[in-house]
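This report concerns only the one structure given below.
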Amino acid sequence: MKNTILLGLAFLVAPYLVEAQEDPITQEINEFSDSITNKKLIEELKYIKQPGLANAASKIYSADRRYSIAGFTEINSVSYMGEKNRGDDIELYYTNLYRFGFYFGYKITDRLIFNSEIQAELLHDGFNEVGTEFNFEWMFDYLFHPSFNVRVGNYPIPLGYTNINEEPIAFYSVNRPEVERVILPTQWLETGVMFYGNFLNNQLEYNLGLTKGLDASNMVEGTWIRRGRFHGLEVPRAWASNGKLEYVGKESIKLGIAGYYGDAGRGAETPSGQDFSPQVSLYSAFAGYEWGNFSVFGLAMKGSTTQTDRIFEFDNQVIGEETLGYYGELRWDLWSVFNSEREWKLPIWFRYERLDTHASVASSFENRAFDRQNLEIISVGANLRPRRNLVFKANYQFRENLAESIIPEANRLELGLGLIF
């Protein structure tokens, strides 16, 4: 079933892979596509990123028209080499994923811009369990000056790398790195206000935000703060701050640091009547460099949670007082060795990844059994990138949970397809 779906999708995107003169039907399709682009019914993506947003999500800010339409699609298949650990979140143990994001932006004036995303996911685990997720991202930006702008709405928290660069062409593995799925719960949206801009001759980008806080009473031990997210609209009952500083002077260099700190109590009390105001903090840093056909990238993050003994009262969940995660990735474009005029890319890559949801726990939990994700993951993979906006992915993961576990962590073979427009 999985192979049939992927094969069908390959046929759907085949026109992107073949030169027009090779097939009359493809030529007609391309001519029709060109006529649409020339008439500007749907403008071509310019790959000019707005602070805090990915490529397709930024389309409205550089569009020639008052409106823009953009989006992405992502289709993944995962095979487990052994029995798989079933956690609390199907997104972490699914066998098939279908994700689609649709962006619509409108320039109310040249300075006041509305931007939105509707993102839908369908997941299943290969048996009877099916999961769905539906998110609505919306924001209003007022562009005062390149060095100072304001965003109000439901926007991605600017932490790590993938939470902003969530579109499938931005990362090399089929799934987002595990550190940025478990420690940083990509995709993480919050409602609030953000100030952003560029300074030092557009060399540095900053984000400063104030948002509603998390809900610690819903957190689950195996995925730290992931279940504490709440994407819906509400009057904030807890507040959090976030900030990011990123070097954007050269495309070949990636440098960024970010932080989050906030209350996750939402004004509640524990079941025993105690005051409940746990504080959550998370800090991240990344660095990358590209030279010729080689590139390297690394990311690290560390988090902490207070009042974990009081969080335990809600659902007997042992939340780590400290968490950590990091990974390093090497890439080489194999296509560069071929003598071809096509601007294809075939990067092969290697990644080493470590994360621990319970780097430290409260003394009262030290002798208690709990779901600890103390993972060591080695991944090897390849991408076929016939166009800048299209990618076919494959990778194999050697996985081990260094914590005691009833079921050993299974290795995984992952296949995927991604497209932005």
For this session: Under 13 Å Cα to Cα from Lys84, which aspartates and glutamates show up? Leave out anything in the same chain fewer than 8 places away.
Result: Asp125, Glu400, Glu409
Seminar exercise, completed: Excluding residues fewer than 8 positions from Lys59 in its own chain, the aspartates and glutamates with Cα under 16 Å of it are Glu43, Glu44, Asp110, Glu117, Glu137, Asp141, Glu166, Glu167
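Where Lys and Arg each count +1 and Asp and Glu each count -1, what net charge lies around Phe140 among other residues with Cβ under 13 Å from its Cβ? Can you show the working numbers first?
Values: positive: Lys107, Arg111, Arg151; negative: Glu137, Asp141.
Once positives and negatives cancel, what remains is +1.
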For this session: Mind jotting down the distance between the C-alpha centroids of the stretch 116-143 and the stretch 337-352, whole Å?
Result: 32
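Using the heavy atoms of the protein chains and a 1.4 angstrom probe, tell me the accessible area per residue for the chain in square angstrom. Spell out each step's value before the answer.
Values: 19400 Å² over 421 residues.
Result: 46 Å² per residue.
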Exercise. Which peptide among 110-120, 187-197 comes first, and what is the full order, when sorted by highest mean count of other Cβ atoms within 10 Å?
Worked result: 187-197, 110-120
For this session: Grab the Cα-Cα distance for Asn202 and Arg387, subtract it from 0.36 nm times how many residues apart they are, and report the gain in nm with one decimal.
Result: 63.8 nm
For this session: Sort the following peptides by mean Cβ neighbour count (other Cβ atoms within 10 Å, averaged over residues), highest first: 248-256, 333-341.
Result: 248-256, 333-341
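My understanding is that a pair violates if its Cα-Cα distance is over 27 Å; which of Lys49/Lys244; Lys46/Lys212; Lys46/Lys254; Lys46/Lys393 do that in this structure?
Working: Lys49/Lys244 16 Å; Lys46/Lys212 33 Å; Lys46/Lys254 20 Å; Lys46/Lys393 23 Å.
In this structure, Lys46/Lys212 exceed 27 Å between Cα atoms.
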For this session: Name the long-range amide H neighbours of Trp239: under 5 Å, sequence gap of 5 or more, or other chain; modelled H, no Pro or chain starts.
Result: Gly213, Asp263
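Of all accessible surface on the stretch 43-420 at a 1.4 Å probe, what whole percent is carbon and sulfur? Could you put the intermediate results ahead of the total?
Numbers: 9080 of 16080 Å².
After summing per-atom areas, the C and S share lands at 56 percent.
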Problem set entry | Scaled radius of gyration (Cα, divided by 2.2 N^0.38 Å) that the stretch 43-420 gives | 0.99
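The values are calculated or read from the model by the stated rules, or taken from the named source; none is laboratory data. From a predicted model like this one, the values you see are computed outputs, not experimental measurements. FYI the Cβ positions are ideal-geometry reconstructions off the backbone, even for glycines, and counts take in every protein chain you see. Ligands, DNA and RNA are stripped out before the accessible areas are found, and what is left, the full protein with its side chains, is counted by its heavy atoms. Shrake-Rupley method; radii C 1.70, N 1.55, O 1.52, S 1.80 Å.
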